[in-house]
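Okay, so here's the structure we're looking at.
The values are calculated or read from the model by the stated rules, or taken from the named source; none is laboratory data. Remember, predicted model here, so these are calculated numbers, not experimental data. Neighbour counts run over all protein chains shown; Cβ positions are idealised from the backbone, glycine included. Just so you know, the surface numbers come from the protein's heavy atoms only, side chains and all, with ligands and any DNA or RNA stripped out. Shrake-Rupley method; radii C 1.70, N 1.55, O 1.52, S 1.80 Å.
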Amino acid sequence: MTTEQTHSERMKALQAEQKKKTSEARDPGRGLVLVHTGNGKGKSSSAFGVIIRALGWKQKVGIVQFIKGKWITGEKQFFMNFKDQVDWHTMGEGFTWDTQDRERDIAAAESAFSKACSMMQSGDYDLVVLDEINIALRYDYLDIQAVIDGLKARSDRTSVILTGRDARPELCDYADLVSEMTEVKHPFKAGIKAQRGIDF
Ligand code: ATP
Ligand code: MG
C-alpha cells in the first residue's frame, strides 16, 4: 500500500469516528457555564470574543465587571454601540488591585453579584459575563457556595462566562468548560507597558 492510500484510509476512519461522536452529542437543554482562568493573557478578551458571536446571532448579553478598571477600555466603547443588545454593569465602588478598604470591597462585590444574579435569573439574557469574578472569590469577597447557587438558579436560556486568575476548584467542578490560559511569554515581563487596543 502506498503512503497516500494509508493516509486516505486513516482519514476515512477518523472522519467516521468524528461523525459518530457528533451524531451522539446531545443538546444540554440549558445554557453552559464557562470558566476562563490561568496566568496567561486571554481570559477577558476571549469572553469578549464569545460576546461578539452571541451578538451576531442577535442574542442578548449582560456583562458585570467585578474590578473597577482604571482605564477606559476599547471593549466598553465598542459595546456601547450595541446598547439594545448589551447591558454593561461596572461595579460601582469597585475595588482595584491596590485597595485598602476590605469592608467596602466586600459590599461592592456583593452588590455586583446581586446584579449578576438578577441578570442570570431574569430569563432576559442568552449570555452573562462575570468578568474578574474569580478575583473577588479569591479574596473571599464573595462566598463560593453563594456563587454556585446563583449559577444553578440561572435561567435555562442563559450561559455564563466567569473570568479571572485562580478559579476556585468548586467552580471548576461545577462548570461545563474550564480553559486555563498559560503564560508562555508576556511583553510586561520585558518591561513593555499595557498597549491600547491590545490590552485595554
Ligand atoms: P485580557 O483582558 O487581555 O484577555 P486577561 O483577562 O487574561 O487579559 P487579566 O488577569 O484580567 O488578564 O489582566 C488584565 C491585564 O493584565 C491586561 O492588560 C493583560 O494584558 C495583562 N496581563 C494578562 N496576563 C498577564 C501576564 N501574564 N503578565 C502581565 N500582564 C498580564
Ligand atoms: Mg481579565
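Computing Rg and the Kirkwood Rh from the Cα coordinates of region 29-75 gives a ratio, Rg/Rh, of 0.98. Packing order of peptides 186-195, 48-57, 162-171, highest average first: 162-171, 48-57, 186-195 (average count of other Cβ atoms within 10 Å over each peptide's residues). Note on Asp143/Thr22: beta-carbon distance plugged into 1/(1 + (r/R0)^6) with R0 of 45 Å gives a FRET efficiency of 0.70. Relative to the longest principal axis of the Cα atoms of the chain, the long axis of helix 43-56 lies at roughly 70 degrees. Taking the charge dipole of region 62-200 about its Cα centre, with +1 at Lys and Arg Cβ atoms and -1 at Asp and Glu Cβ atoms, the residue from Ala190, Phe78, Val178 reaching farthest to the positive side is Ala190.
Measuring r between the beta carbons of Gln15 and Ser111 and using R0 = 45 Å, the FRET efficiency lands at 0.30. All other residues whose Cβ lies under 9 angstrom from that of Gln59 are scored, Lys and Arg at +1 and Asp and Glu at -1, for a net of +2.
Each distinct pair of alpha carbons in region 31-190 adds a 1/r term; the inverse of their mean, the Kirkwood radius, is 15.8 Å. Charged side chains reduced to their Cβ positions (Lys and Arg at +1, Asp and Glu at -1) give region 102-200 a dipole of some 460 debye around its Cα centre.
Can you give the charge dipole size of region 31-190 about its Cα centre, rounded to the nearest 20 debye, using +1 on the beta carbon of Lys and Arg and -1 on the beta carbon of Asp and Glu?
About 600 debye.
For region 35-178, what % of the accessible area comes from carbon and sulfur atoms, probe 1.4 Å? Here carbon and sulfur together make up 48 percent of the probe-accessible area. Based on Cα contacts under 8 Å between residues 6+ apart, region 125-173 shows a relative contact order of 59 percent. Once backbone amide H atoms are built at 1.01 Å from N, Thr158 has Gly31 as its partners under 5 Å, excluding neighbours fewer than 5 places away on the same chain. For the chain, the longest principal axis of the alpha carbon atoms and the long axis of helix 102-122 meet at an angle near 50°. For region 151-166, the Karplus equation 6.51 cos²θ - 1.76 cosθ + 1.60, evaluated at θ = phi - 60°, returns couplings of 5, 5, 7, 5, 5, 4, 6, 9, 9, 10, 10, 10, 10, x, 5, 6 Hz by residue, with Gly and Pro reported as x. For the listed peptides 122-132, 73-83, a ranking on the average number of other beta carbons within 10 Å per residue, highest first, reads 122-132, 73-83. Net length available on complete extension from Asp84 to Thr3 is 23.5 nm, with 0.36 nm assigned per residue and the Cα-Cα distance removed. For the chain, the relative contact order is 33 percent, taking Cα pairs closer than 8 Å that sit 6 or more residues apart in sequence and dividing their mean separation by the residue count.
Can you tell which of Val50, Cys117, Trp88 lies farthest toward the positive end of the dipole of region 31-190, using +1 and -1 charges on the Cβ of basic and acidic side chains (Lys, Arg; Asp, Glu)? Comparing the listed Cα positions along the dipole, Val50 ranks first. Label-to-label distance for Tyr174 and Asn39 is 2.7 nm, based on points extended 7 Å past Cα in the beta-carbon direction.
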